Amino acid sequence: MINLASAGHRFANLDLGDPNFERTAYDPWVAYGRSKTANILFAVAFDLRHRDHGIRATAVHPGGIQTELGRHIDQAYWQAMVDQMNKQLAAEGKGPFQYKTIPQGAATSVWAGFVASAEEIGGRYCENCHISQIVPEDRQLSVISEGVRAYALDPKAAQALWKKSEELVGERF
C-alpha cells in the first residue's frame with residue numbers, strides 16, 4: 001500500500017490529546033504538518049499489522065507539485081516562501097526551486113509500488129525514488145530538504161494513532 005504524505009510532516013508532530021485544536025490555537029501549517037505525520041504513521045501501523053500476511057505499506061512524498069493547496073495561501077506569502085527556498089538553495093550552490101511535473105511527482109509512488117523491494121520500503125518514508133534517512137530533530141530543514149523526522153516513523157506513535165482512529169470512528173480494524 002502506498003500512502004501519499006509530504007515533507008510537510010516536518011511542520012509538526014501529532015497531538016493525539018488535542019487532534020481538533022480544541023485546547024491549542026489553530027495554525028494551518030501545524031494542522032497540515034500533523035495530518036502529513038499521521039499519513040506516515042498510518043503507513044507504519046498498517047505495515048506492522050499486515051506484514052506477516054505479505055502486505056506492506058509505505059509513505060511517499062511526491063515533491064513540490066502545483067496543487068490546489070495553493071488556492072488557500074496568499075500569493076505574497078507563497079512568493080516569500082519560494083524566495084526563502086531559493087535563498088537556501090543558492091547558499092547550497094543549487095539552482096532555484098522548480099515545481100515537479102505531475103509525472104515527476106508520481107515517480108516515487110510508481111517506484112515504490114512497482115520497482116522497489118517491498119521488504120525494503122515497508123514501514124518507511126520515501127522521496128525522490130529512494131528511502132529517506134532519518135534527520136535529527138535539532139537539524140534545521142527547509143521545505144526542499146530531504147529527510148524524515150523520527151517521530152513520523154515511531155512504531156509506538158503509529159499504534160497510538162491507530163487506536164485513537166478506531167476510537168474516533170467507533171470501529172475496530
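With +1 on each Lys and Arg Cβ and -1 on each Asp and Glu Cβ, how big is the dipole of segment 71-162 about its Cα centre, in debye rounded to the nearest 20?
160
Given that compact globular proteins tend to follow 2.2 N^0.38 Å, what is the ratio of the alpha-carbon Rg of segment 79-173 to that value?
Output field value: 1.38.
Helix 155-169 sits at what angle to the longest principal axis of the chain, using alpha carbons and giving 0 to 90 degrees rounded to 10?
Roughly 80 degrees, rounded to the nearest 10.
Around Asn3, which amide H atoms from residues at least 5 apart in sequence, or from another chain, sit under 5 Å from its own amide H, with H modelled in the peptide plane?
Thr58, Ala59, Val60
Place a +1 charge on the Cβ of each Lys and Arg in the chain and a -1 charge on the Cβ of each Asp and Glu, then give the dipole magnitude about the Cα centre in debye, rounded to the nearest 20.
The dipole magnitude comes to about 160 debye.
Out of these labelled values of Cα Rg over 2.2 N^0.38 Å, [x] 1.25; [y] 1.36; [z] 1.07, which was calculated from the coordinates shown here?
[z]
Rounded, prolate or oblate: which one fits segment 32-92, using the alpha carbon gyration tensor with axes a ≥ b ≥ c (rounded when a/c is under 1.5, else prolate when a/b beats b/c, else oblate)?
Prolate shape, in that a/c is at least 1.5 and a/b is the bigger ratio.
Sorted by packing (mean other beta-carbon atoms within 10 Å per residue), highest first, where do 55-61, 71-77, 99-105 land?
In decreasing order of mean packing, 55-61, 71-77, 99-105 become 55-61, 99-105, 71-77.
Between the DSSP loop rule and a limit of at most 14 other Cβ atoms within 10 Å, which GluC sites (Glu not before Pro) in segment 36-137 are left?
Glu92, Glu137
For helix 28-50, report the angle its Cα long axis makes with the longest principal axis of the Cα atoms of the chain; keep it between 0 and 90° and round to the nearest 10°.
Long axis of 28-50 versus the principal axis of the chain: about 40 degrees.
Work out the charge dipole of the chain with +1 on the Cβ of Lys and Arg and -1 on the Cβ of Asp and Glu about the Cα centre, then indicate which of Leu69, Ala112, Leu161 is farthest towards its positive end.
The listed residue farthest towards the positive side: Ala112.
Return Phe21, Phe114, Phe42 ranked ascending by Cβ neighbour count within 10 Å, so the fewest neighbours appear first.
Phe114, Phe21, Phe42
What number comes out for the charge environment of His9, summing +1 per Lys or Arg and -1 per Asp or Glu over other residues with Cβ under 14 Å away?
In short, 0.
What percent do you get for the relative contact order of the chain when only Cα pairs under 8 Å and 6+ apart count?
About 29 percent, as a whole number.
Taking amide H atoms as placed 1.01 Å from N in the peptide plane, list the residues 5 or more away in sequence, or in a different chain, whose amide H sits under 5 Å from that of His130.
none
Taken together, the values in this text are just the output of simple stated rules run on the coordinates, not laboratory data. Keep in mind that what you see is a predicted model, and the values were worked out from it rather than measured. Every residue, glycine among them, receives a Cβ derived from its backbone with ideal geometry; neighbour counts consider all protein chains shown.
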